[in-house]
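Okay, here's the structure, questions in a sec.
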Amino acid sequence: CAVLFFVWCHKQDSTSGRIFILERSWELISRKPWTGYGTGGFGREYMWEQARYFAGNPESGYAWLADEVRHPLNEFVLLWVDYGVAVPCVLFGCFVSVIVGLACRKERFPSACACALSSLFLFSCFSYPFKYPLPALVSVVALCSLLRPVWRRVSVQKPLAIGLCLCSIILGLKLLSEFRHEREWARVSECSLRGWSGLMMPHYRRLYLHYKDNPYFLYNYAVEQFYAGRYEEALSTAKECRALWPSYNLSLLTGDICRAAGKYGEAVRHYEQAHWMCPVRFAPLEGLYYAYKSGRQPDKADSVADVVARKRIKVDSPDVRRIKKEILEDVRHGEKTVSRDGMMKKL
């Protein structure tokens, strides 16, 4: 209790942010508590839920804390959102059973495994340890330590060794293929950063056949198509990515693509989505301002400029200062132009 009180008092923003994420996650769970949303369901659904919340509660104090979220900071909640209530319950039962089984053994190594697994269990309630290989290795070692007496009584050493060898060979071939594609992707991305996006399109199309279900590749591909001036193709790729990973950055990119293609109404819709996903950010407001201005809606553009002028800055940066300066100078320049035109008409 003392530790929780200390964390609450000294990390209030962090704690409030975690509570907000869990509240939105619970709203997702409440819609499909038994079946979940399938593999990757949290990534596909959470940011939409966050955007819906802020669109309905624009004055919420949580807006100051909101950012792009890819994990609920609780492994059991993630499994519940993805697969329904049964999977986290089974995982919880496995954790408890293995920890109790190891703790009942009086040997030093099983006791150490029980302590390590207990720490991992606690960490899983507040973070995402299983995104990294070491916690998975710790879990396997703990399970093997628990089952060691059983393996000694059953003659499975030879079949097990053969199975492990076959699995190792298959896994090694798979890793080799992935390494080859990752290296090719890195090389193509580096060339694109040098300004050769158009020349890299054939290479990206070839990589697409392998990475078409990878949202990070699809996002990178859409960015490069955008820089190469292939707006329709970029929009199509962005929509594919959106089905797997509807993130703040993707909404912002889709808005930029639509604005460059002259689809100002669509651009406004995507910029608004990005704004409600992360209300504290300035980039969506910049996009909205220029989309309204290009779409010949000066009144709405002026309203956005007024929001930019009054908006508090959470993290000061050169980009934020640039956005505020450019928009406010553009508004003043427009007012001077209108004033000068009015005087010419009078004359």
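The values are calculated or read from the model by the stated rules, or taken from the named source; none is laboratory data. As the structure is a computational prediction, the values presented were derived from the model and not from experiment. Here the Cβ is made from the backbone with ideal geometry for all residues, glycine too, and neighbour counts use every protein chain on show. Side chains are part of the model used for accessible areas, which takes the heavy atoms of the whole protein and leaves out ligands, DNA and RNA. Shrake-Rupley method; radii C 1.70, N 1.55, O 1.52, S 1.80 Å.
Can you run down the residue pairs with Cβ atoms below 8 Å, 6 or more apart or on separate chains, where the first is in segment 23-34 and surrounded by 12 or more Cβ atoms within 10 Å (Cβ to Cβ) and the partner is of a type in the set (A, V, I, L, M)?
Within 8 Å, the pairs are S25/V77; S25/V81; L28/V81; I29/V77; I29/V81; P33/V85.
Can you tell me which residue in segment 231-262 is farthest from L285 (Cα to Cα), limited to those that are surrounded by 19 or more Cβ atoms within 10 Å (Cβ to Cβ) and of a type in the set (K, R)?
Ranking the candidates gives R242 first.
Please count how many residues of segment 167-195 are open to solvent by less than 50 Å² (accessible area, probe 1.4 Å) and either closer than 11 Å to L207 by Cβ or touching a Cys at 6+ places or on another chain (Cβ under 8 Å) (or both).
Number of matching residues: 5.
Here is a follow-up. Hey, can you tell me all the residues within segment 43-63 that are surrounded by 14 or more Cβ atoms within 10 Å (Cβ to Cβ), free of Cβ contacts under 8 Å to residues at least 60 places away in the same chain and under 17 Å from R312 (Cα atoms)?
S60, Y62
What number of residues within segment 212-269 satisfy the criterion of being on the phi < 0 side of the Ramachandran plot and outside any helix (DSSP H, G or I)?
First, the residues of segment 212-269 that are on the phi < 0 side of the Ramachandran plot: 212-228, 230-261, 263-269.
Add one more test, that the residue is outside any helix (DSSP H, G or I), and what stays is 212-214, 228, 230, 245-247, 261, 263.
Within segment 212-269, residues that are on the phi < 0 side of the Ramachandran plot and outside any helix (DSSP H, G or I) number 10.
If you don't mind, there's one more thing I want to ask. Yes or no: segment 307-327 includes at least one residue that is of a type in the set (S, T, N, Q) and modelled with pLDDT under 95. Give the steps one after another, and end with the answer.
Step one: filter segment 307-327 for residues of a type in the set (S, T, N, Q), giving 317.
Narrowing further to those that are modelled with pLDDT under 95: 317.
Yes: segment 307-327 contains one or more residues that are of a type in the set (S, T, N, Q) and modelled with pLDDT under 95.
Sticking with this structure for a sec: Within segment 269-287, can you find the residues that are of a type outside the set (A, V, I, L, M) and open to solvent by 20 Å² or more (accessible area, probe 1.4 Å)?
Those that are of a type outside the set (A, V, I, L, M) and open to solvent by 20 Å² or more (accessible area, probe 1.4 Å): R269, E272, Q273, H275, W276, R281, E286.
Residues checked against (1) open to solvent by less than 70 Å² (accessible area, probe 1.4 Å); (2) more than 30 Å from S16 (Cα to Cα); (3) of a type in the set (V, I, T); (4) outside any helix (DSSP H, G or I):
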| residue | (1), (2), (3), (4) |
| --- | --- |
| L102 | yes, yes, no, no |
| K106 | no, yes, no, yes |
| P110 | yes, yes, no, no |
| C115 | no, no, no, no |
| L134 | no, no, no, no |
| S139 | yes, yes, no, no |
| R148 | no, yes, no, no |
